Structures are given as C-alpha cells and as structure tokens.
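Working notes, beginning with the structure itself.
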Amino acid sequence: MMESVVQLKNLRVEYPIASGSSVPKLAVNGLSLDVRQGEVFGFLGPNGAGKTTTMNVLLGFVNATGGEARLFGVNVREPIARQRIGYLPELTYYYKFLSAEEILRFYAKVFGIERMEADRRIDRLIKLVELEHASKRPLKSYSKGMQQRVGLAQALINNPDLLILDEPTSGLDPIGRMKVREIIQRLKNEGKTVFFSSHELGEVETVCDRVAIVHQGQLREEGRVADLLAKYKTGLEQIFLDLIGYKPQAIT
C-alpha cells in the first residue's frame, strides 16, 4: 500500500459571519480524501466549491474549523508537514525585470540551499520547463505560458515530494497547456505526487490517475478516471455537469 500523502477526514471550514448574515459561510463541509504517493490527483469543482480553501488549509494559510488535515501523516499545522511541498498559485507575481535564473536563485536562498546544489537544481529545472533559450532574459519578455513554467520551476526548487497546483493551465493557449501537462507527467515518472485543481476537464481526463469532484464544499464523487468513465458511460465533463446539477437553459 502506497504512503498517504494528503489525508482529509471530515474537513470543515467556516468563515466569519458576513455583514447582514446570521450564519457563517460554510466553505468546506465534511470533506474526506486520501491522495497516495506518486498519484496525479485532480481536484475539481465549480467556482466557489471550496477547492482553494481546501488547498489553503493544506498550505497552512487557513485553519480548519473541524476535522483533520494531514500531509505525510503529520498535522498540517506542524511546520514540518509543509517542508516537503511545492506550491503554484493560480495567479503568480514576480518582478518582471528578473530572469528565470535569478528568480530560481532567489528562492534557492529562501530555502537555504547551498550555492553548488542550487546551481545544479536551477540547471535541471530550467531544462525541465524548457526555458534554456530564455533563462537569462527578463520575465517581461516572456509569454504567459513561459511565466507559468517559471512558476512551476520555482515550486520545485526545494525538491518537494508533493506539488500543489491551483489552476496551473489557466489562461494558457493549447501549446502552453500541453507543455504543462508534459511536465506533470515527467514529475509523476519521478515519483512525485501532484495535487491540482483545474477547469480544463479534457486535460484532467488525460493526465490524472484519480479525481475528486466537489460542489458547495462537499464531495460528490471520487475515483479513478477510467472507473468513473465506465460507471457513468460518458465523458468527464458531462459527469461533472451532472454531479453539480447543471441544467442548460433552453435558447428561445
């Protein structure tokens, strides 16, 4: 049995009562998941489903109201639990006058990586994300897809065992999405665990081992992609729409 990398048990997250409301906002409601070592796991749901809140709990940005959240068997509130993860947010911001190489060197210093080891990792990551031709150019000259690949390299500088990606292909053209997908596959081949949210369901269907579909903070379905396709006898996009109760409006 492979090691559990991400464990959620009856996770619950409430936000404070908003002005004019008598009840707190329930963002995550009894969510349980188990993500295993070496998996590419797709975390799916419409906007407002609780995906980013769940990721923020794993990253230590948000405290759970109830239930448990563990990374590598350790409570996420323990700093040691987060030492083995890399994170790419949906919206990244870097100083545009810096080059990819300079950004990676800065984050290597943040993680306390020695110079010779940092040089080795930066060289490897630049090759992994296919930016050798532009590694010394300022980011202001990069396309959106190239900037996203710099973000992936930054998330990998500490050689994490778990990579958490929030909409890693958002706003990318087909070539950009393909390159990110190829990188995720290479990371899987290296034994990394990848946990990511995405609205690109065709892409998820291609790259993920298992998926979870959440709606209104609750788990609606979870399983291997192939098993879900066989169970529902339709594509992942239609499964998703049916589970969240989407009904197309008739055009008059």
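The values are calculated or read from the model by the stated rules, or taken from the named source; none is laboratory data. Quick caveat, the model's predicted, so the values are computed rather than measured. Virtual Cβ from ideal backbone geometry, glycine too; neighbours counted across all protein chains shown. Note: areas computed on protein heavy atoms with side chains; ligands, DNA, RNA excluded. Shrake-Rupley method; radii C 1.70, N 1.55, O 1.52, S 1.80 Å.
Values computed for the structure shown
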| quantity | calculated |
| --- | --- |
| Listed peptides 111-122, 155-166 by packing density, highest first (mean Cβ within 10 Å) | 155-166, 111-122 |
| Estimated inter-spin distance, T92 and V23, nm [label 7 Å along Cα→Cβ] | 4.0 nm |
| Percent accessible area from carbon and sulfur atoms, the chain, protein chains only, probe 1.4 Å | 51 percent |
| Gained length - K231 relative to E114, 0.36 nm times residue gap less alpha-carbon distance | 37.1 nm |
| Magnitude of the charge dipole, the chain, Cβ model with Lys/Arg +1 and Asp/Glu -1, debye to 20 | 400 debye |
| The chain - percent relative contact order, Cα under 8 Å, separation 6 or more | 25 percent |
| 0 to 90° range, to nearest 10: angle between helix 100-110 axis and the chain longest Cα axis | 80 degrees |
| Accessible surface, the chain, averaged per residue in Å² (probe 1.4 Å) | 51 Å² |
| Unit charges at the beta carbon, dipole of the chain: most positive-side option, N29, I85, A134 | A134 |
| Among 58-67, 97-106, the order from most to least packed when residues are scored by Cβ within 10 Å on average | 97-106, 58-67 |
| CD proxy at 222 nm, helix term only [per DSSP H run n ≥ 4: -39500 (n - 2.57); per residue of the chain; nearest 500] | -10000 deg cm²/dmol |
| Crossing angle, helix 174-189 versus the chain [Cα axis fit, 0-90 degrees, rounded to tens] | 90 degrees |
| Assigned charges on the beta-carbon of Lys, Arg, Asp, Glu; region 66-109 dipole about Cα centre (debye) | 120 debye |
